[in-house]
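Single-structure report; data block below.
The values are calculated or read from the model by the stated rules, or taken from the named source; none is laboratory data. None of these values were measured; they are calculated from a predicted model. Cβ: placed from backbone, ideal geometry, glycine included. Neighbour counts: every protein chain shown. Accessible surface is based on the protein model in full, side chains and every heavy atom, while ligands, DNA and RNA are left aside. Shrake-Rupley method; radii C 1.70, N 1.55, O 1.52, S 1.80 Å.
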Amino acid sequence: MNRVVEQYKRACNSLAGGVSSSTRVNQALGHAMLFDRADGCRLWDLDGREYIDLCCSHGATLLGHGDTRIREAVDRTLARGAACSYENELHAELAELLCETVPCLERVRLTGSGTEATMHCIRLARAFTGRTKLVRFEGNFHGYHDQVMWAAAGALGQLNPALAPISTGVTPGIDQHLIQIPYNRPDLLEQAFKQQGDEIAAVICEAVYYNAGCVLPTDEFVSAMRRLTTEHGSLLIFDEILSAFRMCAGGAQEHLGVTPDLCTIGKAVGGGYPISVFGGRAEIMRRLMPEGDCQHSGTYNGHPVSVAAAGAAIRAFREPGFYHGIDAISDRLYSGLRDLFQKHGVPGRIQGLGARFGIYFGIEHEIRDYADSKKHDREMMLRFIAAAISNGVYFHDYGGGAVHHGFCAAMQDADVDEALSRLDRAIATL
Ligand SMILES: Cc1ncc(COP(=O)(O)O)c(C=O)c1O
């Protein structure tokens with residue numbers, strides 16, 4: 001037995017399921033991958049095998065592993081004692097950087113995970129509007145709290161279907177405050193607002209829907225969200241936990257040219273350290289205690305090490321040429337993957353924007369919503385990932401529908417070419 005499997009089995013005896021996060025078991029392998037070290041775009045497992053990383057910590061390590069700018073910022077903070085649960089000047093510096101970089105941000109709050117960010121943002125939207133209903137889109141992922149762990153109980157593609165919890169243990173009845181609508185259906189959104197517009201506190205949306213691989217919103221859909229929420233006194237929340245910094249420094253909202261009232265930001269912002277953000281219009285953010293009456297607090301909120309890492313990460317994203325580099329790598333990688341599919345006669349589609357992408361085996365038309373993405377050939381996907389890992393390219397599959405993959409800015413042309421030649425060998429074995 002190799003060390004990866006041996007240590008995973010050891011963990012199973014004391015760590016529930018052998019992992020700290022349920023989705024960390026790679027479904028293509030049937031166990032978690034255990035990595036010994038990482039550098040740039042590469043990972044080495046506990047047995048010393050090397051991989052080019054096309055998971056990139058589910059999008060958290062956009063700069064690559066062990067980036068020196070992040071490490072130096074972290075080291076400086078550790079040398080100061082990293083006094084947690086207190087503020088220092090880096091908190092204000094980070095807040096200013098965020099407000100200068102992301103269009104909707106006039107005020108921010110720092111929090112731990114993406115789940116906490118969406119939970120607090122939804123609470124704030126309800127506090128500000130005095131309404132309870134939340135519009136969400138089919139398949140969009142917003143974290144693991146009870147307010148958002150719901151999906152259609154029956155057929156997909158319906159306006160306001162009966163919902164069922166995605167997990168056992170979710171508080172029953174929360175779904176009476178949710179209105180679910182298929183993604184990219186401005187007509188159904190309009191209907192929902194006609195029927196219940198004065199009860200809707202907010203619309204929450206993955207503005208670029210990466211959690212189904214990479215699904216782009218149509219212009220009509222984005223402008224309907226902005227127009228209807230404004231007309232009805234509801235708030236528009238872009239959940240940019242995954243999309244922030246992915247294709248430009250201002251995230252999906254800058255890319256789409258639409259400014260929401262509130263947004264959440266996570267993953268890449270911390271440069272590999274745990275921190276998330278929610279924020280938006282100052283008028284709304286003033287409802288948070290101690291100025292207002294809506295609670296958001298936490299012992300580890302704005303941990304100084306993560307705050308220092310986030311400041312360094314955003315400065316790196318704002319460096320001239322950063323997104324030219326991302327675009328050049330994305331062109332090379334995505335067109336290289338398409339060429340490989342063609343060469344091997346594999347039916348499939350790559351959809352990507354910036355540094356993240358989806359692979360849909362068995363589908364050649366554009367994926368426009370969750371129902372479309374669910375039609376991909378999952379069995380083929382799992383075989384592809386297992387073959388890629390055997391050939392030295394790391395992808396992760398956490399189960400469910402289509403998943404997102406991505407690369408980091410440390411990746412150079414030569415790394416892309418090496419990844420493609422390893423994947424050429426992998427696809428040949430399918
Ligand atoms: C769009 C979106 N929102 C929220 C979350 C939850 O973030 P976290 O895993 O940090 O709790 C995720 C995580 O993948 C996400 O992609």
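Hey, can you find the accessible area per residue of the stretch 1-127 for me, probe 1.4 Å, expressed in square angstrom? Spell out each step's value before the answer.
Values: 6270 Å² over 127 residues.
I get 49 Å² per residue for this part.
Keeping all protein chains in position, work out how much accessible area TYR273 exposes to a 1.4 Å probe, and write it in Å² to the nearest 10.
80
Hey, what D do you get for the stretch 230-380 in µm²/s if you plug the Kirkwood alpha-carbon radius into Stokes-Einstein at 20 °C and 1.002 mPa s? If you can, show how the numbers build up before the last one.
Working: Rh = 18.2 Å.
After rounding, the answer is 118 µm²/s.
Of LYS267, LYS194, LYS9, which has the most accessible area with a 1.4 Å probe, and how do the rest follow in descending order? Walk me through the intermediate numbers first.
Numbers: LYS267 70, LYS194 165, LYS9 110 Å².
Per-residue accessible area, sorted high to low, gives LYS194, LYS9, LYS267.
Determine how large the accessible area of LEU353 is when every protein chain is in place; take a 1.4 Å probe and give Å² rounded to the nearest 10.
Roughly 30 Å² of LEU353 is accessible to a 1.4 Å probe.
For q = 0.07, 0.11 Å⁻¹, what log10 I(q)/I(0) does the chain give under the Debye formula with an equal point scatterer on each alpha carbon and no solvent?
For the chain at q = 0.07, 0.11 Å⁻¹, log10 I(q)/I(0) is -0.33, -0.85.
Tally the DSSP beta bridges in the chain and give the antiparallel ones as a percent, rounded to 5.
On the way: 32 of 50 bridges.
Close to 65 percent.
Could you work out the mean projected area of the convex hull around the alpha carbons of the stretch 199-265, in square nanometres to one decimal?
Values: hull surface 16.9 nm².
Averaged projected area of the stretch 199-265's Cα convex hull equals 4.2 nm².
Hey, what does the equivalent ellipsoid look like for the stretch 289-370, semi-axes from the Cα gyration tensor as sqrt of 5 times each eigenvalue, largest first, whole Å?
Details: eigenvalues 315, 80, 23 Å².
Semi-axes (√(5λ), whole Å): 40, 20, 11.
I'd like to know how the stretch 68-317 sits against the 2.2 N^0.38 Å rule of thumb: what's its Cα Rg over that expected value? Could the numbers behind the result be given before it?
Details: Rg = 17.9 Å, N = 250, 2.2 N^0.38 = 17.9 Å.
Dividing the Cα Rg of the stretch 68-317 by 2.2 N^0.38 Å gives 1.00.
In the stretch 32-102, which chymotrypsin sites (Phe, Trp or Tyr not before Pro) fall in coil by DSSP and have 11 or fewer other Cβ atoms within 10 Å? Walk me through the numbers before you get to the answer.
Numbers: sites: PHE35, TRP44, TYR51, TYR86; in loops: TYR86.
Hits after loop and neighbour filter: TYR86.
Looking at the stretch 122-239 only, what percent of DSSP beta bridges run antiparallel? Nearest 5 please.
Numbers: 4 of 15 bridges.
Here the antiparallel bridges make up roughly 25 percent for the stretch 122-239.
Ignoring any ligand, DNA or RNA, what whole percent of the accessible area of the stretch 68-317 comes from carbon and sulfur when the probe is 1.4 angstrom? Don't skip to the answer; put the middle values down first.
Details: 4880 of 9630 Å².
Answer for the stretch 68-317 is 51 percent, counting heavy atoms of protein chains only.
Divide by every residue of the chain the summed helix terms, -39500 (n - 2.57) for each DSSP H run of at least 4, and state the resulting mean residue ellipticity at 222 nm, rounded to the nearest 500 deg cm²/dmol. Spell out each step's value before the answer.
Values: 13 runs with 155 residues, N = 430.
After summing the helix terms and dividing by the residues of the chain, the value is -11000 deg cm²/dmol.
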